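The values are calculated or read from the model by the stated rules, or taken from the named source; none is laboratory data. Computed from a predicted model, the values in this text were never measured in an experiment. Positions of Cβ are backbone-derived with ideal geometry, glycine not excepted, and every protein chain shown enters the neighbour counts.
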Amino acid sequence: MSLEGEVCVVTGACGFLGEKLIRLLLEEEKLAEIRLLDKNIRSELIQSLDECKGETKVGLFEGDIRDRELLRRACRGATIVFHTASLIDVTGAIEYSELYEVNVKGTKLLIETCIQENLASFIYTSSIEVAGPNPRGDPIINGNEDTPYTSCLKFSYSKTKEEAEQICLQANEEVLRNGGQLATCALRPMYIYGEGCRFTLGHMRDGIRNGNVLLRTSSREAKVNPVYVGNVALAHLQAARGLRDPQKRAVMGGNFYYISDDTPPVSYSDFNYAVLSTLGFGIQDRHILPLPILYLLSYFMELLHVVLRPFYKFTPPLNRQLLTMLNTSFSFSYQKAHRDFEYTPRYNWEEARRRTTDWLASVLSTERQRI
């Protein structure tokens, strides 16, 4: 079912995923309007959309997700919200209070606004980190939405994403002010890569500083299944189309879905090598120190972070939970999304890798000069 004539709101519109989703919506749907909501709307992005927007009106709503009046203006008369906005932090650089304010309270306020403004569909961009891995590093290989697992999340980011996801799913079938019902679902992408990924760019920078040798932070055996950003954007579009269909809406409402693709399972470190090797990068054979020692060092750095916190902002480059995540096999199937709303990846591994590597090549010389 198409979204022709719909008015869509995309939060986090200028983010890594948000930008790809906006372009996809403009290219594939004849929307009446798409509304971009972001804290900082980049003028170069708006200019670049002119060539693909056609007759679709593009509305700009710049400001904070916690601004109730901004949300009201953005949602008034709209029918679908794609909530991709989020603060992401796995190193402890952002205070928990700020993560909670944006990720949890912002989501709650947006849901409340949707109910007041009679929006029919709400799609939440969750995260694989809502699932885990847990502090014990218990592996999951090709899991699904019914795979039993005790997460015991430690990351502040993971906790806030989990709570926000629950707020979203529990709002399914909430009665709208006009008497209709809100339908919600959450998408849990794997680690997202592709053009514009700041994490892949960060690993490339570390490799440049290390003489064009990528740092090994994960064991070869700790296989995960990253997902290409173009396929994640497509999953959001297909989920929105699904929620427009009464039969699919009844099935999808209140559910979460893992979003992966056909990227081969590989460790995080070996994934970085896969997209950077043709640019002249090597990779360390093993961790710089044995894992038990790295865990011990991480523990002491975490203690130092707590002790110095009142006087100095020290962010450890590694912590125990991050080490666990990087060294745990954790992969999931997208078959439920395929079954319920026909999600099928558009970009295969070869094309996704080529696009990612081409982007990295385009910024490589600039990064070398900076470093």
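Count of segment 221-263 residues, restricted to those that are assigned to a loop (DSSP other than H, G, I, E, B), surrounded by fewer than 20 Cβ atoms within 10 Å (Cβ to Cβ) and either of a type in the set (Val, Ile, Thr) or touching a helix residue (DSSP H, G or I) at 6+ places or on another chain (Cβ under 6 Å) (or both), is 2. Limited to segment 158-205, what total is found for residues that are out of contact with any Leu (no Cβ under 8 Å at 6 or more places or on another chain), hydrophobic (A, V, I, L, M, F, W, C), farther than 26 Å from residue 121 by Cβ and in a helix (DSSP H, G or I)? The total comes to 1. Scanning segment 94-138 for residues that are modelled with pLDDT under 90 and under 18 Å from the mean Cα position of the chain (by Cα) returns a single hit, 94. Looking across segment 160-186 at every residue that is surrounded by 22 or more Cβ atoms within 10 Å (Cβ to Cβ) and either charged (D, E, K, R) or at pLDDT below 95 (or both), the one that is farthest from the chain's Cα centre (by Cα) is identified as 165.
Kindly establish whether residue 22 is β-branched (Val, Ile, Thr), assigned to a helix (DSSP H, G or I) and in contact (Cβ under 8 Å) with a residue 60 or more places away in the chain.
Details: β-branched (Val, Ile, Thr): yes; assigned to a helix (DSSP H, G or I): yes; in contact (Cβ under 8 Å) with a residue 60 or more places away in the chain: no.
Against the criterion (β-branched (Val, Ile, Thr), assigned to a helix (DSSP H, G or I) and in contact (Cβ under 8 Å) with a residue 60 or more places away in the chain), residue 22 does not qualify.
Checked across segment 68-77, the condition of being at pLDDT 95 or above, within 27 Å of residue 241 (Cα to Cα), under 18 Å from the mean Cα position of the chain (by Cα) and not in a loop (DSSP other than H, G, I, E, B) holds for no residue.
Being among the hydrophobic types (A, V, I, L, M, F, W, C), touching a strand residue (DSSP E or B) at 6+ places or on another chain (Cβ under 7 Å), surrounded by 15 or more Cβ atoms within 10 Å (Cβ to Cβ) and within 18 Å of residue 81 (Cβ to Cβ) narrows it down to one of 60, 49, 37, 24, so name that one. Exactly one residue qualifies, and that residue is 37.
I need a count of the residues in segment 341-370 that are over 19 Å from residue 277 (Cβ atoms) and surrounded by fewer than 19 Cβ atoms within 10 Å (Cβ to Cβ).
We begin by selecting, within segment 341-370, every residue over 19 Å from residue 277 (Cβ atoms); these are 341-347, 366, 369-370.
Checking which are surrounded by fewer than 19 Cβ atoms within 10 Å (Cβ to Cβ) leaves us with 342, 344, 346, 366, 369-370.
Of the residues in that region, 6 qualify.
The lone criterion from (1) touching a residue at least 40 places away in the same chain (Cβ under 8 Å); (2) more than 18 Å from residue 13 (Cβ to Cβ); (3) surrounded by 16 or more Cβ atoms within 10 Å (Cβ to Cβ); (4) not hydrophobic (A, V, I, L, M, F, W, C) left unmet by residue 79 is number (2). For segment 116-137, the candidate set comprises residues that are within 22 Å of residue 13 (Cβ to Cβ) and β-branched (Val, Ile, Thr); within that set, the residue that is surrounded by the most Cβ atoms within 10 Å (Cβ to Cβ) is 125.
When residues of segment 222-266 are filtered for being over 18 Å from residue 343 (Cβ atoms) and either free of Cβ contacts under 8 Å to residues at least 60 places away in the same chain or charged (D, E, K, R) (or both), how many remain?
So in segment 222-266, the residues over 18 Å from residue 343 (Cβ atoms) come out as 222-224, 246, 264-266.
Next, only the ones that are either free of Cβ contacts under 8 Å to residues at least 60 places away in the same chain or charged (D, E, K, R) (or both) stay: 223, 246, 266.
Residues that pass the stated criteria total 3.
Considering only segment 82-105, state which residues are in a helix (DSSP H, G or I) and surrounded by fewer than 23 Cβ atoms within 10 Å (Cβ to Cβ). Within segment 82-105, 96, 97, 98, 99, 100, 101, 102, 104, 105 qualify. For segment 141-159, the tally of residues that are surrounded by 18 or more Cβ atoms within 10 Å (Cβ to Cβ) and modelled with pLDDT of 95 or more stands at 0.
Which of the residues belonging to segment 309-340 are surrounded by fewer than 15 Cβ atoms within 10 Å (Cβ to Cβ) and within 26 Å of residue 293 (Cα to Cα)?
Restricting attention to segment 309-340, the residues satisfying the condition of being surrounded by fewer than 15 Cβ atoms within 10 Å (Cβ to Cβ) are 309-315, 317, 339.
Matches in segment 309-340: 309, 312, 313, 314, 315, 317.
With a cut-off of at least 1 residues that are in contact with a strand residue (DSSP E or B) (Cβ under 6 Å, 6 or more places away or on another chain), name the helices (runs of 4 or more DSSP H) lying wholly within segment 277-371. Let's see the steps before the verdict.
Numbers: elements: 291-308, 320-326, 335-341, 349-370.
Answer list for segment 277-371: 335-341, 349-370.
Number of residues in segment 1-47 that are β-branched (Val, Ile, Thr) and under 15 Å from residue 196 (Cα atoms) equals 1.
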